[in-house]
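Participant: Dropping the structure in here first, questions after.
The values are calculated or read from the model by the stated rules, or taken from the named source; none is laboratory data. All figures in this text were calculated on a predicted structure; none of them were measured in a lab. Note: ideal-geometry Cβ built from the backbone for every residue, glycine included; neighbour counts use all protein chains shown. Accessible surface areas use protein heavy atoms only, side chains included; no ligands, DNA or RNA. Shrake-Rupley method; radii C 1.70, N 1.55, O 1.52, S 1.80 Å.
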Amino acid sequence: MDLKAYIRALPKAELHLHLEGTLEPEPMMRMAARNEVEIPFRSVEEIRAAYRFTRLQDFLDIYYRGMDVLRMEEDFQELTRAYLERAAADGAVHVEVFFDPQGHTGRGIPFAVAADGILAALTHGRERLGITSLLIMCVLRHLDEEQGFAAFREAEPYIADGRIAGLGLDSTERDNPPAKFEHLFAAAREAGLRLVAHAGEEGPASYVAEAVDRLGVDRIDHGNRAMEDPALVRRLAGLGIPLTVCPLSNLRLGGVADLRQHPLKRMLEAGLKATVNSDDPAYFGGYLVDNFVAVAEALDLGPADLATLARNSIEASFLDEPAKKAHLERLDRIAATEGNPA
């Protein structure tokens with residue numbers, strides 16, 4: 001079986017993707033020149049050499065620096081279009097993408113510049129590439145909850161008409177537990193948003209439980225360290241709360257020393273609705289299919305495992321039930337033929 005071709009053929013949803021983390025070195029250089037932004041790199045090669053991380057904070061430092069080149073609506077549109085083209089080529093049929101409005105408004109870029117540029121590209125993706133999408137705004141957990149509320153208030157027109165579908169929580173977990181944002185997430189739930197939160201990447205298993213119990217999230221982003229608490233694993237499996245796992249990100253940030261130690265296969269064996277995603281692919285060395293292939297080879301995942309991961313991604317998405325049903329029926333046909341060659 002051609003592993004990469006089989007994975008590409010499976011209909012998949014990507015549910016953990018930071019648009020700012022898709023900024024490749026070439027467009028970074030191009031946008032810096034276009035917008036007259038000084039960056040501490042003289043070439044694409046220097047940027048690539050700087051993409052070396054040993055912990056989450058090292059990554060975030062360069063991530064926010066690179067973000068500074070995004071100044072105009074056309075920058076956000078270009079960024080998002082490039083990602084969607086890669087996602088479509090990888091066989092993604094639906095994506096639910098994150099953006100960090102505070103990372104832009106905090107440097108003087110109006111909320112609408114980022115949101116409108118992204119949304120224009122998402123519309124283009126639906127019309128030209130056939131890839132459906134939802135936009136999730138994330139709040140930065142190293143800032144305080146009132147600052148999160150300020151971003152939420154700026155987003156209200158986009159929430160009211162459905163252009164923003166969800167609220168997420170990202171940035172460094174250390175000393176920033178989910179409960180810090182309990183009131184904001186309650187307000188978002190009241191406004192009809194779907195809720196997700198990063199937990200259990202560098203934070204402890206208790207942060208995963210807190211995101212479920214105090215924030216009422218629909219999905220956990222990452223969630224690896226939940227595996228340290230067997231009772232929590234059983235609970236997550238029983239509740240059917242999905243985990244949006246990012247293997248190459250975990251490897252590059254030191255969450256695992258070797259992909260052969262990655263907990264993804266154990267997650268599946270424990271009945272968790274785990275999915276595969278690329279997180280910040282420009283920085284971590286791989287998009288959606290790259291993550292599938294890397295973890296499949298490292299953990300000896302077979303066709304049935306890969307089909308389960310793809311199925312989980314559709315089921316864990318915020319698509320409506322008819323759309324899910326159509327994708328799952330197609331997935332089952334492909335898995336039955338290509339996954340079991342004669």
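Participant: Only one of Ala257, Ala226, Ala237 is out of contact with any strand residue (DSSP E or B) (no Cβ under 7 Å at 6 or more places or on another chain), surrounded by 24 or more Cβ atoms within 10 Å (Cβ to Cβ) and more than 21 Å from Val139 (Cα to Cα). Can you tell me which? Break it down into steps so the answer makes sense when it comes.
Facilitator: On the way: Ala257 fails: surrounded by 24 or more Cβ atoms within 10 Å (Cβ to Cβ); Ala237 fails: surrounded by 24 or more Cβ atoms within 10 Å (Cβ to Cβ).
Result: Ala226 is the single residue among Ala257, Ala226, Ala237 that is out of contact with any strand residue (DSSP E or B) (no Cβ under 7 Å at 6 or more places or on another chain), surrounded by 24 or more Cβ atoms within 10 Å (Cβ to Cβ) and more than 21 Å from Val139 (Cα to Cα).
Participant: Follow-up question, since we're still on this one. Ala155: crowded, with 19+ Cβ neighbours inside 10 Å, small (Gly, Ala, Ser) and under 26 Å from Val212 (Cα atoms), yes or no? Talk me through it step by step, then tell me what you get.
Facilitator: Numbers: crowded, with 19+ Cβ neighbours inside 10 Å: yes; small (Gly, Ala, Ser): yes; under 26 Å from Val212 (Cα atoms): yes.
Against the criterion (crowded, with 19+ Cβ neighbours inside 10 Å, small (Gly, Ala, Ser) and under 26 Å from Val212 (Cα atoms)), Ala155 qualifies.
Participant: Okay, next question. Given the options Arg65, Arg30, Arg48, Arg8, name the one that is in a helix (DSSP H, G or I), surrounded by 14 or more Cβ atoms within 10 Å (Cβ to Cβ) and more than 23 Å from the chain's Cα centre (by Cα). Please lay out each step first, then the result.
Facilitator: Working: Arg65 fails: more than 23 Å from the chain's Cα centre (by Cα); Arg48 fails: more than 23 Å from the chain's Cα centre (by Cα); Arg8 fails: more than 23 Å from the chain's Cα centre (by Cα).
So the residue among Arg65, Arg30, Arg48, Arg8 that is in a helix (DSSP H, G or I), surrounded by 14 or more Cβ atoms within 10 Å (Cβ to Cβ) and more than 23 Å from the chain's Cα centre (by Cα) is Arg30.
Participant: Let me ask something additional. Quick one: Gly117 ticks every box in (1) at pLDDT 95 or above; (2) touching a Lys or Arg at 6+ places or on another chain (Cβ under 8 Å); (3) under 18 Å from Met67 (Cβ atoms) bar one, so which box is it?
Facilitator: (2)
Participant: Also, I was wondering about something else. Determine whether the range 77-90 contains at least one residue that is within 30 Å of Leu309 (Cβ to Cβ), among the hydroxyl-bearing types (Ser, Thr, Tyr) and at pLDDT below 95.
Facilitator: No, every residue in the range 77-90 fails to be within 30 Å of Leu309 (Cβ to Cβ), among the hydroxyl-bearing types (Ser, Thr, Tyr) and at pLDDT below 95.
Participant: Kindly provide the set of residues from the range 172-187 that are open to solvent by less than 10 Å² (accessible area, probe 1.4 Å) and not hydrophobic (A, V, I, L, M, F, W, C), ordered by number.
Facilitator: Filtering the range 172-187 for residues open to solvent by less than 10 Å² (accessible area, probe 1.4 Å) gives 173, 178, 181, 184-185.
Glu173, Pro178, listed by residue number.
Participant: While we're on this one: Has the range 90-100 got any residue that is part of a helix (DSSP H, G or I) and either without any contact (Cβ under 8 Å) to a residue 40 or more places away in the chain or under 17 Å from the mean Cα position of the chain (by Cα) (or both)? Break it down stepwise before answering.
Facilitator: At the first step, the residues of the range 90-100 found to be part of a helix (DSSP H, G or I) are none.
No, the range 90-100 contains no residue that is part of a helix (DSSP H, G or I) and either without any contact (Cβ under 8 Å) to a residue 40 or more places away in the chain or under 17 Å from the mean Cα position of the chain (by Cα) (or both).
Participant: Open to solvent by 10 Å² or more (accessible area, probe 1.4 Å), farther than 25 Å from Ser133 by Cβ and in contact with a Phe, Trp or Tyr (Cβ under 6 Å, 6 or more places away or on another chain), is that true of Glu338?
Facilitator: Numbers: open to solvent by 10 Å² or more (accessible area, probe 1.4 Å): yes; farther than 25 Å from Ser133 by Cβ: yes; in contact with a Phe, Trp or Tyr (Cβ under 6 Å, 6 or more places away or on another chain): yes.
Judged against the criteria, Glu338 is a match.
Participant: Okay, next question. Identify all residues within the range 69-87 that are farther than 16 Å from Asp280 by Cβ and either among the charged types (D, E, K, R) or outside any helix (DSSP H, G or I) (or both); write none if there are none.
Facilitator: Correct list: Arg71, Met72, Glu73, Glu74, Asp75, Glu78, Arg81, Glu85.
Participant: Let me ask you something else. Report, by residue number, each residue of the range 227-244 that is without any contact (Cβ under 8 Å) to a residue 40 or more places away in the chain and among the aliphatic types (A, V, I, L, M). Before you say what the answer is, go through the steps one by one.
Facilitator: Initial filter on the range 227-244 (without any contact (Cβ under 8 Å) to a residue 40 or more places away in the chain): 228-241, 243.
Answer for the range 227-244, where residues must be without any contact (Cβ under 8 Å) to a residue 40 or more places away in the chain and among the aliphatic types (A, V, I, L, M): Ala231, Leu232, Val233, Leu236, Ala237, Leu239, Ile241, Leu243.
Participant: Which of the residues belonging to the range 103-132 are of a type in the set (Ser, Thr, Tyr) and either in a helix (DSSP H, G or I) or closer than 30 Å to Ala179 by Cβ (or both)?
Facilitator: We begin by selecting, within the range 103-132, every residue of a type in the set (Ser, Thr, Tyr); these are 105, 123, 132.
Listed by number, the residues that qualify are Thr105, Thr123.
Participant: Tell me, which residue of the range 173-196 that is farther than 14 Å from Asp144 by Cβ and among the charged types (D, E, K, R) is modelled with the lowest pLDDT?
Facilitator: The extreme case among them is Arg174.
Participant: Which one of the conditions (1) over 22 Å from the mean Cα position of the chain (by Cα); (2) under 19 Å from Gly103 (Cα atoms); (3) crowded, with 21+ Cβ neighbours inside 10 Å; (4) of a type in the set (A, V, I, L, M, F, W, C) does Leu19 fail to meet, given that it meets all the rest?
Facilitator: (1)
Participant: Quick check on my filter: what residues within the range 103-126 are open to solvent by 20 Å² or more (accessible area, probe 1.4 Å) and over 17 Å from the mean Cα position of the chain (by Cα)? Walk me through it before giving the result.
Facilitator: Within the range 103-126, the subset open to solvent by 20 Å² or more (accessible area, probe 1.4 Å) is 105-108, 110, 112-113, 116, 119-120, 123-124, 126.
Passing the criteria: Thr105, Gly106, Arg107, Gly108, Pro110, Ala112, Val113, Asp116, Ala120, Thr123, His124, Arg126.
Participant: Say whether the condition of being touching a strand residue (DSSP E or B) at 6+ places or on another chain (Cβ under 6 Å), open to solvent by 10 Å² or more (accessible area, probe 1.4 Å) and part of a loop (DSSP other than H, G, I, E, B) is met by at least one residue in the range 266-289.
Facilitator: Checked the range 266-289: no residue is touching a strand residue (DSSP E or B) at 6+ places or on another chain (Cβ under 6 Å), open to solvent by 10 Å² or more (accessible area, probe 1.4 Å) and part of a loop (DSSP other than H, G, I, E, B).
Participant: In the range 298-321, what residues are over 20 Å from Arg260 (Cβ atoms) and among the β-branched types (Val, Ile, Thr)?
Facilitator: Scanning the range 298-321 gives a single hit, Ile314.
Participant: Looking at the range 188-212 only, could you name the residues that are out of contact with any strand residue (DSSP E or B) (no Cβ under 8 Å at 6 or more places or on another chain) and either in a strand (DSSP E or B) or open to solvent by 30 Å² or more (accessible area, probe 1.4 Å) (or both)?
Facilitator: So in the range 188-212, the residues out of contact with any strand residue (DSSP E or B) (no Cβ under 8 Å at 6 or more places or on another chain) come out as 190-192, 202-206, 209.
Of everything in the range 188-212, those that are out of contact with any strand residue (DSSP E or B) (no Cβ under 8 Å at 6 or more places or on another chain) and either in a strand (DSSP E or B) or open to solvent by 30 Å² or more (accessible area, probe 1.4 Å) (or both) turn out to be Glu190, Ala191, Gly192, Glu202, Pro204, Ser206.
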